[in-house]
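Trainee: The structure's right below; bear with me while I get my questions together.
Please treat every number below as a calculation from the coordinates, not as lab data. In this text, all values refer to a predicted model and were calculated from it rather than measured experimentally. Cβ coordinates were reconstructed from backbone atoms using ideal geometry, including for glycine residues, and neighbour counts include every protein chain displayed.
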Amino acid sequence: MRDAARSEPAFLRARADSARVSPRRVALTLALFAAIAAGLFVHLDRGEMGRASEQRCFTVVSEMLRSGDWLVPRFEGALRLQKPPLFYWAGASAAALAGEQSLWTLRAVSAVAALALAACVFAVGRSFGDSRAGLLCTAVLGATWFFYDRGRTGDAEMLLALFVFAALAVFERLWRTRDARLLPALALLLGLGFLTKATAALLGVLAPIAVWLVLQRSTRLALRPAVLGWGLVAAAIGLSWYGAILARVPGSGALFSELLLSPFGVQGRAASARALVLLAALPARHGSGGTALAMARLRRLEAALLAQRPAAAVLRGQLRHAPGRVDVHPTEADALSAGARAAAGDRRRARHRAALLRGARLGPEPDDLLAALDAPGVALDHAPRV
């Protein structure tokens, strides 16, 4: 009892000492952040745009400012839908505030995001210990060359890093405190991260959270009504731009499908149909039950092909003009058509897919099916029936 009585005042004194902010620590903190800011902003516009990503962002922001259309990104007149536009919007906003676009205004977005990331690191470090821990964590970050390299580059990487780190920090706090009031902040950060770089944000935030919940055997927490509700809010924020593009740009749904499937080697205007073929072929290798399932999936192939008709129209440059929609310039259709022909010419992937289909023993000759999908100008509503 006497030991406990002696230890309690010492513990309370330690807590009071850690909570006290001395003038020396305040000065050290200000000096550290001033040094980081100098490393980020001094001669920020020096040097040429060396990265292709920075060149693309600069051009897209220029066209946004010139045309006044901030919804549909364009690169040298062609649609640029590969990435969400949050960084483009931030770059255009910085240029509008400065009165003109420059390399400095574009890179300033990344520099501000990097400085905000350093502040988040300081706050997280301080929450784990005291201001000394926060200073140490921030000093380690400020001593990293890559931090300044990305913080002085005008692309979306540093903005993505900010949202991903902040979202994970909020989740860690949510896990420790079980404070549901943190769910709106987590939803907002996840949605903004998705608007910055789509699937990269999902992998950076949701994958670590999912692994942690599995390891802690707490996956049921993700099914709570409050979590699901704020998850829908995050999805609404992240998918808002995609919904607007689907409403304005004809054929954009098929283009988004191609961009989603392209990392898996599935390209071309019939990307969704190819995915159906491959997914249907795999279970059929395991017996008659799988074959029946594969046949049922392949019966939907014609419907999938018909759904690709807007994409085929984009590729052939035969879009019908509709009020309130964005007209695709002929040069865009030519570029898309050339890309589709190049993808169709990759016979190595086609032979691999054909081998999968032959192994499934589905009946039709797979080369004929793939040739029908690859043929330029094919009438999609006359695709071979399975």
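Trainee: Order of 224, 248 from fewest to most other C-beta atoms within 10 Å?
Mentor: Ranked by crowding around the Cβ, least crowded first: 224, 248.
Trainee: Determine the gain in length on full extension of the stretch residue 259-residue 24; use 0.36 nm per residue of separation and subtract their C-alpha separation, reporting nm with one decimal.
Mentor: Gain on stretching residue 259 to residue 24: 79.3 nm.
Trainee: Using a 7 Å offset from the Cα along the Cα-to-Cβ direction at both residue 227 and residue 43, what is the distance between the two label points in nm, to one decimal?
Mentor: A separation of 5.0 nm, rounded to one decimal place.
Trainee: Right, something else. Net charge near residue 242, counting Lys/Arg +1 and Asp/Glu -1 over other residues with Cβ under 15 Å of its Cβ?
Mentor: +3
Trainee: Modelled label-to-label distance, residue 98 and residue 31, 7 Å Cα→beta-carbon offset: nm?
Mentor: Label at residue 98, label at residue 31, 3.1 nm between them.
Trainee: Something else about it: Peptides 187-198, 203-214, 40-51: what's the order by average Cβ count within 10 Å, highest mean first?
Mentor: 187-198, 203-214, 40-51
Trainee: Express in nm, to one decimal, how much length is gained between residue 148 and residue 128 on full extension, taking 0.36 nm for each residue of separation and deducting their alpha carbon distance.
Mentor: Length difference between fully extended and current span is 4.7 nm.
Trainee: Let me ask another. Cut-off is 10 Å between beta-carbons; in what order do 70, 145 appear when sorted fewest neighbours first?
Mentor: 145, 70
Trainee: Averaging sequence separations of C-alpha pairs under 8 Å and six or more residues apart, then dividing by the length of segment 27-93, give the relative contact order as a whole percent.
Mentor: 24
Trainee: Pop the C-beta distance of residue 214 and residue 140 into the FRET formula with R0 = 22 Å and round what comes out to the nearest 0.05.
Mentor: Efficiency, rounded to the nearest 0.05: 0.15.
Trainee: Follow-up question, since we're still on this one. How large, in Å, is segment 135-243 by the Kirkwood hydrodynamic radius built from its alpha-carbon pairs?
Mentor: The answer is 14.9 Å.
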